[in-house]
Amino acid sequence: MFKDKVVVVTGGAQGIGKCCAECFAREGAKVHVIDIQQGPWFVGDLADKNVLERFAAEVIAQSGHVDVLVNNAMPLFKGIDACSYEEFAYAQAVGVVAPFYLAKLFKEHFAKGASIINISSSRDRMSQPQSESYTAAKGGIAALTHALAASFAGRVRVNSISPGWIDTSFKEYDGPDAAQHFAGRVGNPLDIANMVLYLASDKAGFITGENICIDGGMTRQMIYHNDFGWKLEK
């Protein structure tokens with residue numbers, strides 16, 4: 001499906017990003033990966049403007065254009081008690097600023113029918129305590145998605161995916177962990193990668209500015225204490 005297409009994946013060394021990169025490669029794409037982890041890809045910190053510029057220049061020098069940009073890199077996860085000013089700013093730099101700047105750097109190099117897919121989180125609409133840096137970044141990239149879709153209208157489709165609980169090791173769960181999902185199981189990276197490939201394909205040609213939550217139904221679960229076996233315990 002993606003033979004000879006040029007795909008860029010941030011945070012592609014493990015988890016959802018790695019799964020996306022492998023799926024695109026199997027479909028014939030030339031995949032460029034950037035990650036802070038050491039490996040056979042472009043190694044660099046997405047919070048560094050110079051790194052982003054060098055990476056984008058390398059992609060264009062090697063491939064000439066971009067068909068798909070997947071912004072997947074994970075921001076720092078810290079809450080208000082432990083997160084410093086600098087750490088909060090760093091989380092936004094990785095989670096929001098880098099996706100914006102890569103879109104800007106590739107702006108004149110996106111091919112006809114190109115697609116940007118941003119990986120947000122179901123935490124863009126729901127929270128647990130002590131999750132501010134990550135949640136703010138994921139809310140930011142979800143909003144950035146429809147802003148970019150408007151700016152790129154007619155040129156590049158821009159969508160985001162909000163994963164719920166995804167076990168990146170493909171571990172299978174049973175009991176309450178699985179049962180609390182309408183789908184009856186915890187998710188895995190392929191659940192997200194399959195949607196990434198769909199959104200990047202011509203089959204999704206009428207979808208842009210959209211956010212798709214893939215969480216097994218968790219965010220649709222209405223919870224009241226003492227209803228349907230749910231109990232609040234403190």
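Some points to look at:
- Taken over region 125-139, residues that are in a helix (DSSP H, G or I) and of a type in the set (D, E, K, R) amount to 2.
- Complete set of residues in region 140-199 that are assigned to a helix (DSSP H, G or I), out of contact with any helix residue (DSSP H, G or I) (no Cβ under 8 Å at 6 or more places or on another chain), exposed (fewer than 15 other Cβ atoms within 10 Å of the Cβ) and polar (S, T, N, Q): S151
- Considering each residue of region 215-234 in turn, none proves to be touching an Asp or Glu at 6+ places or on another chain (Cβ under 7 Å) and either modelled with pLDDT under 95 or not basic (K, R) (or both).
- When region 127-139 is filtered for residues that are in contact with a helix residue (DSSP H, G or I) (Cβ under 6 Å, 6 or more places away or on another chain) and either of a type in the set (F, W, Y) or in contact (Cβ under 8 Å) with a residue 40 or more places away in the chain (or both), the ones remaining, listed by number, are S133, A137, K138.
- Just one of the numbered conditions (1) on the phi < 0 side of the Ramachandran plot; (2) more than 14 Å from the chain's Cα centre (by Cα); (3) surrounded by fewer than 22 Cβ atoms within 10 Å (Cβ to Cβ); (4) not hydrophobic (A, V, I, L, M, F, W, C) is not true of G28: (1).
- Residue in region 218-225 that is free of Cβ contacts under 8 Å to residues at least 24 places away in the same chain, touching a Leu at 6+ places or on another chain (Cβ under 6 Å), assigned to a loop (DSSP other than H, G, I, E, B) and of a type outside the set (K, R) present: yes
- Only listed residue being under 22 Å from Q128 (Cα atoms), assigned to a helix (DSSP H, G or I) and hydrophobic (A, V, I, L, M, F, W, C), chosen from A82, A73, A89, A57: A89
- Candidate set from region 101-124 (those that are within 19 Å of D35 (Cβ to Cβ) and assigned to a helix (DSSP H, G or I)); member that is farthest from the chain's Cα centre (by Cα): L105
- Within region 60-70, being more than 17 Å from the chain's Cα centre (by Cα) and assigned to a strand (DSSP E or B) holds for one residue alone: V66.
- Here G39 passes the criteria (1) in a loop (DSSP other than H, G, I, E, B); (2) under 27 Å from A91 (Cα atoms); (3) in contact with a helix residue (DSSP H, G or I) (Cβ under 7 Å, 6 or more places away or on another chain) except the one numbered (3).
- The residue pairs whose first member lies in region 54-80 and is in contact (Cβ under 8 Å) with a residue 60 or more places away in the chain, whose second member is surrounded by fewer than 22 Cβ atoms within 10 Å (Cβ to Cβ) and assigned to a loop (DSSP other than H, G, I, E, B), and whose beta carbons are closer than 6 Å, counting only pairs six or more residues apart or on different chains, are V66/F106.
- Where a residue in region 29-45 is more than 13 Å from V59 (Cα to Cα) and in contact (Cβ under 8 Å) with a residue 12 or more places away in the chain and its partner, wherever it lies, is in a strand (DSSP E or B) and acidic (D, E), with Cβ under 8 Å and at least six apart: A29/D67
The values are calculated or read from the model by the stated rules, or taken from the named source; none is laboratory data. Nothing here was measured: the structure is a model prediction, and the numbers come from that model. Cβ: placed from backbone, ideal geometry, glycine included. Neighbour counts: every protein chain shown.
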